[in-house]
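The values are calculated or read from the model by the stated rules, or taken from the named source; none is laboratory data. As the structure is a computational prediction, the values presented were derived from the model and not from experiment. All Cβ positions, even for glycine, are placed from backbone atoms using ideal geometry, and neighbour counts span all protein chains on display. Remember, those area values only see protein heavy atoms, side chains included, never the ligands or the DNA or RNA. Shrake-Rupley method; radii C 1.70, N 1.55, O 1.52, S 1.80 Å.
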Amino acid sequence: MVIAIGYDLVEYSPKNWNRNLDKKIIHIDFTPAEVETYYPPDIEIAADIGYTIDAILHELTKEKEVEKEKKESRTINNNNNTSNLNSIEIPYFEIPNIFIEIKKQFQERIEKFKDDFSYPINPMKLVIDVRNALEENDIVISDVGAHKLWIAKIYNTYIPNTCLITNGFCSMGFALPGAIAAQLVRPNQKVVVMCGDGGFLMNVQELETAVRLQLPIIVIIWCDSDYGMISLKQIHEFGRSAFTRFNNPDFVKLAQSFGAIGYYVKSTEEFPKILEKAKESTSVPIIIAIDVDYSKNQILLNNNSNT
Ligand SMILES: Cc1ncc(C[n+]2csc(CCOP(=O)(O)OP(=O)(O)O)c2C)c(N)n1
């Protein structure tokens, strides 16, 4: 059974996981399910998601209470000894072992890339370095592209609203203005943009706003001189990509021309050091351009990837 909460079909086609139409689906979203051959929900709850989850939790808690009472009375009847009651206590919100195991395996897989100093940088190493450089309540905003999938997969989040990722049909260029808004609202938290070179260039003029408002946002540009996500999909569908490549400007000079500070990362070792320096800014936006190795992007489209 699949419980789909706020699931947008465009993000990951149900054909990938329900090809044989053998899954039971519970659809929970603000809106009714879209009509789709591979997504025929058995139950649809079209309502406020938070309210729905609270209501389900409420019912489950009630059910557990009843179960507990039944068990308690069984034990009392069997043993006639109330001191045994503690032995049958079931914690209500115990994390299932399978979740703990998945999280552990996931963590181990990520750890493997901690000491990978190859350059262009491995996307996983990039995400790990950024996570390590930030406090738990700092904010990362992802733009749209292959980098977004790496961030969604790997970036550990501890506090709500500290990793902002747009949903399906989302627009490239969102992250820079998004960061400006976030920094205005949360002046005491570090705000970091992660964007592709394509997406950054789509809304680059907003650097002027960030400089004028003296916002110390950090913009990390994942450089591959390509619309990485599009070429990935083209290669997946057609075996080759076409018309996705472009040339980048000199991002350091571009940043300076706006009155921001720019860095071009030349090695994976120096990336965390540049991040530390960038964090010191209190009133000037920092642009960090870094070359990224997208050769493993195919993993992002696999069902049972090992990353
Ligand atoms: C305004 C806009 N145009 C086109 C798209 C379709 N689109 C989605 S991802 C992508 C490529 C993103 O390239 P880049 O910003 O360089 O990031 P990368 O995939 O290389 O990480 C495109 C063109 C979009 N989402 N928004």
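How much net charge surrounds C195 when only the other residues with a Cβ under 11 Å from the Cβ of C195 are counted, with Lys and Arg +1 and Asp and Glu -1? Mind dumping the intermediate values first?
Values: positive: K148; negative: D143, D197.
Its environment carries a net charge of -1.
Here K104 is the anchor, and the lysines within straight C-alpha reach of less than 16 Å, apart from those fewer than 8 places off in the same chain, are K112, K114, K153.
For the pair D8/I56, report the inter-label distance in nm, with labels modelled 7 Å from Cα in the Cβ direction. Rounded to a tenth, the inter-label distance reads 2.0 nm.
In the P(r) worked out for segment 118-184, what percent of Cα pairs fall beyond 15 Å?
On the way: 1191 of 2211 pairs.
Percentage above 15 Å: 54.
Treating each Cα of the chain as an identical point scatterer and summing with the Debye formula, the log10 of I(q)/I(0) at q = 0.15 Å⁻¹ comes to -1.26.
For the chain, build the charge dipole from Cβ charges (+1 Lys, Arg; -1 Asp, Glu) around the Cα centre, then report which of L300, N97, P14 sits farthest towards its positive end. Highest projection toward the positive end goes to L300. What does the charge add up to near G262, with Lys and Arg as +1, Asp and Glu as -1, over the other residues with Cβ less than 9 Å from its Cβ? Its environment carries a net charge of 0. Placing unit charges on C-beta atoms (Lys and Arg positive, Asp and Glu negative, everything else neutral), compute the dipole magnitude of segment 164-307 about its Cα centre in debye, rounded to 20. Dipole magnitude for segment 164-307 comes out near 200 debye.
Estimated from the Cβ-Cβ distance and a Förster radius of 41 angstrom, the FRET efficiency linking K114 and K64 is about 0.55.
Given the peptides 177-183, 206-212, arrange them by the average over their residues of other C-beta atoms within 10 Å, most packed first.
Values: 177-183: 20.6, 206-212: 17.4.
My ranking of the peptides, most packed first, is 177-183, 206-212.
Both radii were evaluated on the Cα set of segment 157-307; the Rg over Rh quotient, with Rh as the Kirkwood radius, amounts to 0.98. At a probe radius of 1.4 angstrom, the accessible area of segment 151-278 per residue rounds to 51 square angstrom.
With the contact rule set at Cα under 8 Å and sequence spacing of 6 or more, what percent relative contact order holds for the chain? Walk me through the intermediate numbers first.
Numbers: 457 pairs, mean separation 46.6, N = 307.
Contact order relative to length: 15 percent.
Along the charge dipole of the chain, which of P249, L176, M1 sits closest to the positive end, that is, farthest toward it, with unit charges on the beta carbon of Lys, Arg, Asp and Glu (+1, +1, -1, -1)? Comparing the listed Cα positions along the dipole, P249 ranks first. Within the same chain, lysines fewer than 8 places from K70 are excluded, and of the rest, those with a Cα less than 20 Å from its Cα are K62. FRET efficiency for the pair K103 and Q256, taken as 1/(1 + (r/R0)^6) with r the Cβ-Cβ distance and R0 = 45 Å, rounds to 0.60. Of the three principal axes defined by the Cα atoms of segment 251-300, the extents in descending order read 39, 21, 19 Å. Model label points for F243 and N16, set 7 angstrom from Cα along the Cα-to-Cβ axis, are 2.6 nm apart.
Put simply, the C-alpha atoms of segment 173-226 give a gyration tensor, and the ellipsoid matching it has half-axes of 20, 11, 8 Å, longest first. The dipole here belongs to the chain: it is taken about the Cα centre, uses +1 on the Cβ of Lys and Arg and -1 on the Cβ of Asp and Glu, and is about 500 debye. Atom-type composition of the exposed protein surface of the chain places 54 percent of the accessible area on carbon and sulfur (1.4 angstrom probe).
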